[in-house]
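The values are calculated or read from the model by the stated rules, or taken from the named source; none is laboratory data. From a predicted model like this one, the values you see are computed outputs, not experimental measurements. All Cβ positions, even for glycine, are placed from backbone atoms using ideal geometry, and neighbour counts span all protein chains on display.
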Amino acid sequence: MSNPVTYGAVFADVYDEWYGASDDVNAVIDLLCEESPRSVLELGVGTGRIALALARALADRMAPRHARVEGIDESPEMLAILHAKDTTHRVRTHLGDMVREQPAGPFDLVVCSYNTLFNLTDAQLQAECIANAATRLTPSGRLVIDACVIDPTAPASGREQHRRGPWALTTSTRFNPGTGAIHGVTVSTHDDGRIVERPFHLSYRAPNELDAMCSRVGLHLIARHSSWQKAPFDDSCARHVSVYRNVR
């Protein structure tokens, strides 16, 4: 995640309130815990929305000393919120670049959720991130990527207005299907009168492009769902949760 102004710096103050309930966390944890991982790394751990719940679940299922959850993020703002919530120090965090500064591992499971991979600004960085994650997996370890799917015929630009709690939001985006570049800004109008512009920049890759990146470094697709609840995936779906196995 190499943007000059990081996603975390722009969205940390509202992230949990806007996105904390975006998924059924129990469904997320059930899928991630399917093979009882003892060591987990979350790339772009953010405020710990997944990592903290996963650490609690693993501690309940096995002796706490045998369960290890780590997370890396380049945003000190996001990690400060995680630390404030993690009063029992269940998650070991690393402030750094999730491409080149991943902790050594090894890990049974590496997770990259909620479009986090697309915060990396180009395909080369995304491929390098996946390659480095592959080297940190145990034999038969898994990489799970959760990301959106964009219809290639989608309009090149769009504008959406909606509310999240006490905020009125207007999000404007521009999408280049040739490069995958997405440039956008969310303007949040707060009930206290503040108006805040929150720019973001993403680099989209279709599922087959991610499959190719993974295949090149010895990761084989073993399951693809359209939700954490394992709903079937097809070409009409707007999201995928893809599970890759280390077969190197």
Please find, among L52, L95, L82, L32, the residue that is closer than 25 Å to P139 by Cβ and in contact with a Leu (Cβ under 9 Å, 6 or more places away or on another chain). L32
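Matching residues to (1) touching a residue at least 60 places away in the same chain (Cβ under 8 Å); (2) touching a Gly at 6+ places or on another chain (Cβ under 8 Å); (3) of a type in the set (V, I, T); (4) in the same structural domain as L32 (by TED's automatic domain parsing):
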| position | (1), (2), (3), (4) |
| --- | --- |
| Q126 | yes, no, no, yes |
| S140 | yes, no, no, yes |
| V144 | yes, no, yes, yes |
| V185 | no, no, yes, no |
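Take the conditions among the basic types (K, R), modelled with pLDDT of 95 or more, in a strand (DSSP E or B) and over 24 Å from H220 (Cβ atoms) and apply them to R100. Does it pass?
Considered against the rule, which asks whether it is among the basic types (K, R), modelled with pLDDT of 95 or more, in a strand (DSSP E or B) and over 24 Å from H220 (Cβ atoms), R100 comes out as no.
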Please specify each residue of the stretch 231-247 satisfying the condition of being of a type outside the set (D, E), closer than 19 Å to I150 by Cα and assigned to a loop (DSSP other than H, G, I, E, B). A231, P232, F233, S236, C237, A238
Restricting the first residue to the stretch 218-234 and requiring it to be assigned by TED's automatic domain parsing to the domain that holds V144 and exposed (fewer than 15 other Cβ atoms within 10 Å of the Cβ), which pairs with a second residue that is part of a loop (DSSP other than H, G, I, E, B) and not β-branched (V, I, T) meet a Cβ separation below 7 Å and a spacing of at least six or different chains? Q229/D24; P232/S226
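May I ask you to say which residue of A63, A84 is modelled with pLDDT of 95 or more, loosely packed, with under 14 Cβ neighbours inside 10 Å, aliphatic (A, V, I, L, M) and farther than 16 Å from M98 by Cβ?
Values: A63 fails: modelled with pLDDT of 95 or more.
That would be A84, the only listed residue that is modelled with pLDDT of 95 or more, loosely packed, with under 14 Cβ neighbours inside 10 Å, aliphatic (A, V, I, L, M) and farther than 16 Å from M98 by Cβ.
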Filter the stretch 181-223 for residues that are at pLDDT 95 or above and assigned to a loop (DSSP other than H, G, I, E, B); the one that is nearest to E17 (Cα to Cα) is Y204
Taking the options A181, A238, A212, name whichever one is on the phi < 0 side of the Ramachandran plot, surrounded by fewer than 15 Cβ atoms within 10 Å (Cβ to Cβ) and free of Cβ contacts under 8 Å to residues at least 40 places away in the same chain. A212
Within the stretch 56-81, which residues are in contact with an Asp or Glu (Cβ under 8 Å, 6 or more places away or on another chain) and part of a helix (DSSP H, G or I)? E77, L79, I81
Checked against (1) over 23 Å from V25 (Cβ atoms); (2) not assigned by TED's automatic domain parsing to the domain that holds I72, W167 satisfies every condition except (1)
